[in-house]
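The values are calculated or read from the model by the stated rules, or taken from the named source; none is laboratory data. Nothing here was measured: the structure is a model prediction, and the numbers come from that model. Cβ: placed from backbone, ideal geometry, glycine included. Neighbour counts: every protein chain shown. SASA here: full protein model, heavy atoms, side chains in, ligands and nucleic acids out. Shrake-Rupley method; radii C 1.70, N 1.55, O 1.52, S 1.80 Å.
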Amino acid sequence: MSSSENPTVTERGSKDRRDDKNEDGDKKEGGGGFIEKVKDFIHDIGEKIEEAVGFGKPSADVSGIHIPHISLHRADLVVDVLIKNPNPVPIPLVDIDYLIDSDGRKLVSGLIPDAGTIHAHGEETVKIPVSLVFDDIKSTYKDIQPGSIIPYLVRVVLLVDVPIIGRIKIPLQKDGEIPVPYKPDVDVEKIKFHHFSFEETTATLHIKLENKNDFDLGLNMLEYEMWLGDDSIASAELTQSAKIEKQGITRMQIPFSFRPKDFGSAVWDMIRGRGTGYTIKGKIDVDTPFGNMKLPISKEGGTTRIKKDDDDDDDDDN
């Protein structure tokens, strides 16, 4: 018969003469050994349950980073984290801790508590929304200039609660680049008249757009309004495709018409060949390597001049 069928039982209060003199020491050693055996037993049982039922650690990966919105003021990022749960029961995603830095300098950080549950034997894409406010970044880090492209590193730590195993942390990271946009400069180089009458005058507005960013702009749409003095003489929304290369210039010709008799002295000064103050405001819709942007354009306090149709155009590119 095996030893497990004939356990040795020691009655409480009885004494073994052979061990009488070392009673206290043996009790201490016996007590410690018993606790350790219990711990080992529980650990073994846990491992056997884990093997039998199929419990395991979940895996995760940053599957993508999107920029749904970017403007002069801020960029909204969405970090997609794909989490796979190999277990036969759902597991809670306790916390998501995230940090975005650039060359070791913190740009933004945050904590998302109670972030949801990952289904049994399933996978879930958890979306982490983050906003970068460019004014805060530029005021904190003076060397980050408008128009530049900066590197970033997204660091994410997931805290999940797995049955049998307990709470574990899953660290992730992914790098990329993001721009700090700068609005293009706009100038009215000249206004060229084709037909003049007090009732209706037709002309072409020659404007120059300068891209001061370190990335190309693909122009889709231009919306503008122009004033001569206090008079708004032209406004339009134009759909026009053009590429404005990084640190480059593109020129556009915009036809318009107006009624001189309806306007004040600034228009007449221009017609007489004098320099005239103007203001132009609007926005452009552009495609960039980082997504679509809508950027404002404005110029106040400029001066322009009149050119007739038969005038020499040699200075068009000046």
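Highest first, please rank the peptides 93-106, 173-186 by the mean number of other Cβ atoms sitting within 10 Å of their residues.
In descending order of packing, they fall as 173-186, 93-106.
Quick check: at a probe of 1.4 Å, how many percent of the accessible area of the stretch 137-271 sits on carbon and sulfur atoms?
46
In the structure shown, do any of LYS208/LYS246; LYS106/LYS283; LYS57/LYS106 have a Cα-Cα gap over 25 Å, and if so which?
Pairs exceeding the cut-off: LYS106/LYS283; LYS57/LYS106.
HN-Hα J couplings of the stretch 134-147 from phi, Karplus 6.51/-1.76/1.60, θ = phi - 60°, integer Hz, Gly and Pro as x?
So the J values, rounded to whole Hz, are 5, 4, 5, 5, 5, 6, 7, 10, 5, 7, 7, 9, x, x.
Using DSSP to call loops (not H, G, I, E or B), can you name the trypsin sites (Lys or Arg not before Pro) in the stretch 215-266 whose Cβ has at most 16 other Cβ atoms within 10 angstrom?
LYS246
Where the only charges are on Cβ atoms (+1 Lys, Arg; -1 Asp, Glu), what is the dipole of the stretch 55-180 about its Cα centre, to the nearest 20 debye?
160
Whose amide H sits under 5 Å from the amide H of LEU77, counting only residues 5 or more places off or on another chain, with H placed in the peptide plane?
Long-range HN contacts for LEU77: VAL130, SER131, LEU132.
If you average the alpha carbon positions of the stretch 118-146 and of the stretch 147-222, how far apart do those two centres end up, in angstrom?
First find each Cα centre; the distance between them is then 16 Å.
With respect to the cross-link table entries LYS127/LYS243; LYS138/LYS299; LYS84/LYS294, which display a Cα-Cα separation exceeding 29 Å?
Over 29 Å apart, Cα to Cα: LYS127/LYS243; LYS84/LYS294.
Please work out how much length the chain gains when fully extended from ALA242 to SER63, using 0.36 nm per residue of separation minus the C-alpha to C-alpha distance, in nm with one decimal.
61.1 nm is the gain from fully extending ALA242 to SER63.
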